[in-house]
Every structure is written in structure tokens, then in C-alpha cells.
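The values are calculated or read from the model by the stated rules, or taken from the named source; none is laboratory data. All values reported here derive from a predicted model rather than from experimental measurement. All Cβ positions, glycine included, derive from the backbone under ideal geometry; neighbour counts span all protein chains shown. Side chains are part of the model used for accessible areas, which takes the heavy atoms of the whole protein and leaves out ligands, DNA and RNA. Shrake-Rupley method; radii C 1.70, N 1.55, O 1.52, S 1.80 Å.
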Amino acid sequence: MIEVKMHPDLQQYVPSFKIGCIQYESIVIDTPPKELKGRIELFQKTVELDLSEQPITYYEGVKEWRQVFKQIGVDPTRHRPSHEALFRRLKQGKGFPFSDSSAIVLNNFFSLYYQMPIGMYDLEQLQGPVEIRIGEEKDEYEGLNGRMNHMKGKITNVDQRRAFGSPMVDSKRSAVALETKHILQLLYLRPSLSDDDTRALTDNIGEMFQQVHGGHVETAVLS
């Protein structure tokens with residue numbers, strides 16, 4: 001597994017800050033299976049029904065991550081965690097962001113279902129070790145949102161080259177494509193989860209992803 005480190009400063013802001021790390025090797029990405037699409041569509045209807053009468057913060061995972069951002073000094077209304085953006089998309093009636101990539105679809109589903117940001121990165125585009133830390137003045141990257149993202153003061157993933165992702169948006173440089181064979185997945189775990197629950201959740205996500213994509217999987221939790 002590529003070395004992944006968590007800077008101790010993160011736990012000064014959020015003492016129970018945890019990261020789940022999953023590495024996949026020799027996977028095959030294809031179009032999403034019909035069974036997966038059917039399950040997502042059913043889940044989407046449940047979420048849309050909930051949010052027709054409730055605010056986004058009805059979901060505990062949204063409330064927790066808004067609080068994490070506040071503790072670090074980031075305004076969660078201006079810079080939203082990625083899973084909150086997905087919930088807002090459903091509340092606005094825009095539907096689940098289906099894609100031709102089974103990996104991307106499953107990653108977004110996990111993010112909604114488990115109510116936490118999840119980053120997914122092409123390992124061949126990274127140069128380890130990887131560190132999760134508070135962004136510095138120099139940290140920036142072109143994101144999948146089409147903008148240059150300046151990461152000073154925000155939770156940021158960096159490798160030996162430069163910043164490449166965060167709980168908000170990931171970079172074009174490390175984006176997973178249909179031809180990607182090796183993936184690093186980072187779970188920005190809910191701080192309220194126990195150590196046992198975070199390990200079980202990380203293992204379960206790894207197993208479910210592997211069931212769809214094959215290959216080999218390794219998991220670890222940083223806490």
C-alpha cells in the first residue's frame with residue numbers, strides 16, 4: 001500500500017479525526033451494473049422524500065462534517081463537503097449523478113449512504129507518500145469542478161508533487177478514468193464513529209467495491 005500519513009495538526013482541531021485508506025490493485029472499471037443502478041434509484045427516492053420535508057442537516061453525517069469544517073476554520077456554507085453537495089443536488093431535484101464509470105457511481109453512492117466525503121484517486125498519477133494536512137499558501141490544484149482550488153487553511157491531500165484532493169473536490173490530475181487499474185480511496189470518516197466501527201466500515205466498503213471491480217484490496221485506518 002502507498003504510504004498515507006495524517007498530520008497531527010488535524011487532531012488538534014478535531015481530536016477524533018480519522019481517515020479510512022483503501023487501496024485497490026488490478027481492478028476493472030466498466031459501466032454500472034443494473035443491480036447497482038436499481039439500488040441507487042431506490043435510495044435516491046428515499047432521500048428525496050426525506051428532504052422534501054427536512055433540511056440537509058437532517059442527516060447527522062452532514063451536520064458532523066459542517067462542524068468539522070467550522071472547527072478547522074472553514075465556512076461550510078462557502079466551501080461545502082462533497083457529500084453535502086450530493087445531498088443538495090438531490091434536494092434540488094437534479095437526481096443522482098450517474099456516469100459510465102462503475103467506480104465513480106459506486107463512490108458517490110457510498111458517500112451518500114454513509115454520509116461522509118470520499119475521495120478516489122488514480123494511484124498511477126500519485127507519487128507517494130501521501131499526507132492529509134491543513135493546506136498551505138502554495139497548495140492549489142485544478143479541480144473536477146473546473147476551477148483552480150486554493151487550499152490554504154483547508155483539509156488537503158498532498159503527494160510528493162503537489163496537492164491533489166480534499167473532502168470538497170478532487171483534482172483533474174488524479175481523476176479516476178475507465179482505464180484506471182489502481183486506486184487509492186480516502187474515507188473522511190465521521191468523527192463520532194468508534195474505532196471498531198471505522199475499521200468495520202472501511203473493510204466493508206473495500207469488500208463491496210471489490211465485488212464490483214475485482215482485483216485486490218488493502219485497508220487501513222489512520223486515527
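Brief remarks follow.
- Net charge contributed by nearby residues that have their C-beta within less than 10 Å of Asn149 (K/R +1, D/E -1): -2
- When only the Cβ of Lys, Arg, Asp and Glu is charged (+1, +1, -1, -1), the dipole of the chain relative to its Cα centre reaches about 760 debye.
- Long-range HN-HN contacts of Val176 with modeled amide H, under 5 Å: Asp122
- Largest to smallest in accessible area, the residues Phe43, Phe209 fall in the order Phe43, Phe209 (1.4 Å probe, all protein chains included).
- Extension gain, Arg147 to Lys94: 0.36 nm times the residue separation minus the Cα-Cα distance gives 17.0 nm.
- Accessible surface ranking that places the most exposed of Val62, Val221 first, with a 1.4 angstrom probe: Val221, Val62
- Here the label points at Thr46 and Ser223, each 7 Å from Cα along the C-beta direction, are separated by 2.5 nm in the simple model.
- For segment 1-46: rounded, prolate or oblate by the Cα gyration tensor [a/c cutoff 1.5]: oblate
- Flagged links, alpha-carbon separation over 31 Å, of Lys63/Lys152; Lys94/Lys154; Lys34/Lys154; Lys5/Lys91; Lys18/Lys172: Lys34/Lys154; Lys5/Lys91
- Accessible area of segment 1-158 divided out per residue, in Å², using a probe of 1.4 angstrom: 49 Å²
- In the context of the full protein assembly, Thr156 retains an accessible surface of approximately 0 Å², using a probe radius of 1.4 Å and ignoring ligands and nucleic acids.
- Label zone at Lys172 (point 7 Å along Cα-to-Cβ), backbone N below 13 Å, segment 139-155: 141-149
- For Arg162 and Asp197, the difference between the fully extended length at 0.36 nm per residue and the C-alpha to C-alpha distance is 9.4 nm.
- P(r) for the chain, from all Cα pairs and a bin width of 10 Å, is 8, 35, 40, 17, 1 %, short bins first.
- Karplus 3J(HN,Hα) series, Hz, for segment 138-148 with 6.51 cos²θ - 1.76 cosθ + 1.60 (x for Gly, Pro): 7, 7, 7, 7, 7, x, 5, 7, x, 10, 7
- Residue-averaged [θ]222 nm for the chain, counting only DSSP H segments that reach four residues, each worth -39500 (n - 2.57): -11000 deg cm²/dmol
- Distribution of pairwise C-alpha distances over segment 65-188, 5 Å bins, in %: 2, 11, 21, 25, 21, 13, 6, 1, 0
- Accessible-area composition of the chain, carbon plus sulfur, in percent [1.4 Å probe]: 45 percent
- For the set Glu25, Glu207, Glu124, solvent exposure ranked by accessible area (probe 1.4 Å, protein chains only) runs largest to smallest as Glu124, Glu207, Glu25.
- Database remark: amide H of Val4 closer than 5 angstrom to the amide H of Val130 (H placed geometrically; neighbours at sequence offset of 5 or more, or on other chains; Pro and chain starts carry no H).
- Exposed trypsin sites (Lys or Arg not before Pro) absent - longest run of the chain, DSSP non-H/G/I/E/B, at most 10 other C-beta within 10 Å: 1-77
- Part-to-part distance (alpha-carbon centres) for segment 1-76 and segment 77-133, which is given in Å: 7 Å
- The convex hull defined by the C-alpha atoms of segment 163-223 has an orientation-averaged projected area of 5.1 nm².
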